[in-house]
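To start, the structure under review is shown below, and the notes come after it.
The values are calculated or read from the model by the stated rules, or taken from the named source; none is laboratory data. Note that the coordinates shown come from a computational prediction; the quantities given were computed from them, not determined experimentally. Please note: Cβ atoms are built from the backbone with ideal geometry, for glycine as well, and neighbour counts cover all protein chains shown. Surface areas here come from the heavy atoms of the whole protein model, side chains and all, with no ligands, DNA or RNA. Shrake-Rupley method; radii C 1.70, N 1.55, O 1.52, S 1.80 Å.
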Amino acid sequence: VLHIAAHPDDESTHMLTWFAQEQQWETNYFACNRGEGGQNLIGDEQGVALGLIRTQELLAARRIDGANQYFSRAFDFGFSKSTDEALGFWGNELILSDMVWVIRKLRPDIMFTRFPPDARAGHGHHTASAMLAEEAFKLAGDKSAFPYQLKTLDVWQPTRILWNTSVWWDKQIPEQAAKSPDEYVKINIGDYNELLGLSYSEIAADSRSQHKSQGFGSARS
């Protein structure tokens with residue numbers, strides 16, 4: 001399974017933990033950038049230095065939830081008001097090629113995004129990550145897309161792409177899910193694992209709390 005979002009700390013640690021620890025699937029998180037444009041609540045590092053810190057925070061999170069970590073070559077330039085601005089700064093084809101390369105390398109059955117590919121995502125980077133993921137999903141199995149990659153990799157077509165949705169993005173989702181249940185997949189991702197002595201929610205909270213420079217974290221539940 002391949003999870004795609006924009007920044008360090010955007011990932012759904014609950015979903016990553018459930019896939020990796022309960023399903024025992026090879027689970028991967030792809031962050032479009034390393035968070036160089038974010039805030040820093042634990043020091044005065046900014047820019048590239050902050051990106052290094054946030055990279056290590058992501059790796060620490062993955063050691064807890066059991067997923068693997070990947071990046072594109074995008075640079076986080078701070079808050080982006082529009083998708084066009086984000087893609088223009090990053091280079092649409094460059095980041096798309098990085099995504100396609102990772103898909104072809106990892107050969108995931110399922111891809112899932114953290115954000116919707118529209119204005120509900122609230123940040124140009126967020127929207128761009130979802131739009132690029134949908135496009136990469138289609139191109140990874142196309143021999144005419146980035147053919148130079150096929151010198152070392154084969155084309156690969158994931159089975160499906162999903163959006164890890166939430167009422168955070170759309171308050172109408174519970175109502176919509178009730179009316180159109182076939183459009184939604186509901187999974188209990190908070191089970192207790194007797195062998196680990198923790199619930200997946202507790203593991204996810206510990207993973208989430210590694211994002212110290214952003215002041216992000218959650219209590220175990």
> So which helices of the chain fit the span-like rule, where a helix is a whole DSSP H run, its Cα atoms reach 24 Å or more along the axis, and its mean Kyte-Doolittle is at least -0.5?
Replying inline: 48-65
> How much of the accessible area of the chain, probe 1.4 Å, is carbon plus sulfur, in whole percent?
Replying inline: 53
> Looking at Ser82, Gly35, Ala60, which one has the Cα that reaches farthest to the positive end of the dipole of segment 25-175 (charges on Cβ: Lys, Arg +1; Asp, Glu -1)?
Replying inline: Ala60
> Using only helices, what value at 222 nm comes out for the chain when you add -39,500 (n - 2.57) per DSSP H run of length 4 or more and divide by the total residues, to the nearest 500 deg cm²/dmol?
Replying inline: -10500 deg cm²/dmol
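What's the whole-number percent of alpha carbon pairs in segment 42-135 lying beyond 21 angstrom?
When all Cα pairs of segment 42-135 are counted, 41 percent exceed 21 Å.
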> Most mobile of Thr165, Thr13, Thr127 per a Gaussian network model of the chain (Cα springs, under 10 Å)?
Replying inline: Thr165
>> Could you tell me the calculated FRET efficiency between Gln23 and Arg120, based on Cβ-Cβ distance and R0 = 35 angstrom, to the nearest 0.05?
In response: 0.80
>> Given a 1.4 angstrom probe, what's the average accessible area per residue across segment 113-221, in square angstrom?
In response: 59
>> For the chain, set up a GNM with springs between Cα atoms under 10 Å and report which of Arg54, Arg73, Arg62 has the largest fluctuation.
In response: Arg73
> From Cα coordinates alone, what are the radius of gyration and Dmax values for segment 33-76 in angstrom?
Replying inline: 10.8, 30
> Restricting to the chain, what percent of DSSP beta bridges are antiparallel, rounded to 5?
Replying inline: 10
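Take peptides 183-196, 17-30 and line them up by average Cβ neighbours within 10 Å, highest first, as a rough protection proxy.
Put in order of decreasing packing, that is 17-30, 183-196.
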> Cross-link list Lys186/Lys212; Lys138/Lys171; Lys143/Lys186; Lys81/Lys143: which exceed 32 angstrom alpha carbon to alpha carbon?
Replying inline: Lys143/Lys186; Lys81/Lys143
> If you put +1 on each Lys and Arg Cβ and -1 on each Asp and Glu Cβ, how big is the dipole of the chain around its Cα centre, in Debye rounded to 20?
Replying inline: 280
> Using bins 10 angstrom wide from zero, how does P(r) for segment 126-206 break down, in % of all Cα pairs?
Replying inline: 13, 26, 30, 23, 7
>> Please report the spacing between the Cα centers of segment 136-198 and segment 94-124 in Å, no decimals.
In response: 10
>> I'd like the projected area of segment 64-221, averaged over all directions, using the convex hull of its alpha carbons. Report it in nm² with one decimal.
In response: 11.7
